[in-house]
Amino acid sequence: MGLLDGKVAVISGVGPGLGRATALAFAREGASLALAARNEERLNEVVAEVEALGVKAIGVPTDVVDPEACERICAEAKSVLGGIDIVVNSAFRGDTFTRFEDAKMATWHKIFEVNFFGAMNLTKAALPYLRERGAGSVVMVASMSAKKVREAEAGYAASKGALLVATKSLAAEFAADKIRVNAVVPGWIWGPNVQMYVDWQSQSRSISKEEVIAEITREIPLGEVPPQEDIAEAIVFFASGMSRMITGQSLDVNGGEYFG
């Protein structure tokens, strides 16, 4: 018996990193999956991995910025998989690491379109189907950037901060329908993006990868860059009945780098 047996989840941002790790974690716990990403080839690869674990999955090319695309994947989840019990908003757009005085507001708009409005689009599209089930769980993937502020990340941090506020507001609105809304808040995530960052820092500064990792983990009390699989397990927790009485909360999954 898996924690998510009999459940149907819609997961956005299914690329090579956390989205994929989340899909595989959900599959291992028995959920059927409707997976969303813009890259159809990568999406099909993850669908095949999930199906190899013995669960049903569909991949629907989806840009969460487009409300109609979000409505389409939710309708497909209902038609093919029978409904929707869980929504995971994992799609994101990174920052350009530009100080505010040099930033273009058009760039901020693009960041917000994915990180905030994309999550709102998918959640809104799924809401009627969650209500049909009589209960449900929405999990936002936020970021420590919204809490531990760094220079030149204002656009990204602000978008994730808005997502954290919306988590509480939606939790209050949806509670009467037994639909819970929570957020997982990662810091550094060991996966393809951080691996590329480590490689770049190593090459550009002529230092070893181990030295770069040591710099990162210096501020992480548990002494390790949290693997994407561990972030995915926190998402499973919020999606499952283990958190049945938890809503409107955010869970920091950062190895202890930030308490708050």
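Run the helix sum for the chain: -39,500 (n - 2.57) per DSSP H stretch of 4+ residues, divided by residue count, reported at 222 nm to the nearest 500 deg cm²/dmol. If you can, show how the numbers build up before the last one.
Working: 9 runs with 112 residues, N = 260.
Computed mean residue ellipticity for the chain: -13500 deg cm²/dmol.
Rounded, prolate or oblate, given the Cα gyration tensor of the chain, with a/c below 1.5 counting as rounded?
On the way: a/c = 1.59, a/b = 1.45, b/c = 1.10.
Prolate.
Is the C-alpha gyration tensor of region 1-137 telling us rounded, prolate or oblate? Criteria: a/c under 1.5 is rounded; beyond that, a/b larger than b/c is prolate, otherwise oblate. Prolate.
Using only the alpha-carbon atoms, how far is helix 228-239 inclined from the longest principal axis of the chain? Give it as 0 to 90 degrees, nearest 10. With rounding to tens, the tilt is 40 degrees.
Taking region 114-260 as the region of interest, the number of lysine pairs whose Cα atoms are within less than 16 Å, with members eight or more places apart or on different chains, is 7.
Under a 1.4 Å probe, what is the accessible area of region 116-260 per residue, stated in Å²? Show your work: numbers first, answer last.
Numbers: 6990 Å² over 145 residues.
I get 48 Å² per residue for this part.
Nearest 10 degrees, 0 to 90: what angle lies between the long axis of helix 18-28 and the longest principal axis of the chain (Cα atoms)? Between the helix axis and the principal axis of the chain, the angle is about 40 degrees.
Less than 5 angstrom separates the built amide H of Ile58 from those of Leu33, Ala34, Leu35, all sequence-distant by 5 or more or on a different chain. Computed over protein heavy atoms with a 1.4 Å probe, the accessible surface of region 1-63 works out to 42 Å² per residue.
Note on Ala48 and Glu173: the extension gain reaches 41.4 nm, defined as 0.36 nm multiplied by sequence separation minus the Cα-Cα distance. Angle of helix 119-133 to the longest C-alpha principal axis of the chain, folded into 0 to 90 degrees and rounded to 10: 30°. Rounded to the nearest Å, what's the spacing between the alpha carbon centres of region 13-87 and region 191-242? Just the number, please. A separation of 24 Å, based on Cα centres. Magnitude of the charge dipole for the chain, about its Cα centre and with charges confined to Cβ atoms of Lys, Arg (+1) and Asp, Glu (-1), is about 640 debye. For region 113-239, a/c is not less than 1.5, where a ≥ b ≥ c are the root eigenvalues of the C-alpha gyration tensor, and a/b tops b/c. That puts it in the prolate class. For the listed peptides 196-208, 39-51, 172-184, a ranking on the average number of other beta carbons within 10 Å per residue, highest first, reads 172-184, 39-51, 196-208.
Give me the percent of the accessible area of region 113-260 that comes from carbon and sulfur atoms, probe 1.4 Å, all protein chains in place. Provide the component values of the computation, followed by the final result.
Details: 3940 of 7090 Å².
Percent of accessible area from carbon and sulfur atoms in region 113-260: 56.
The values are calculated or read from the model by the stated rules, or taken from the named source; none is laboratory data. Worth saying up front: this structure is predicted, and the values here are computed from it rather than measured. Cβ coordinates were reconstructed from backbone atoms using ideal geometry, including for glycine residues, and neighbour counts include every protein chain displayed. What goes into the accessible areas is simple: the full protein's heavy atoms, side chains included, and nothing from ligands, DNA or RNA. Shrake-Rupley method; radii C 1.70, N 1.55, O 1.52, S 1.80 Å.
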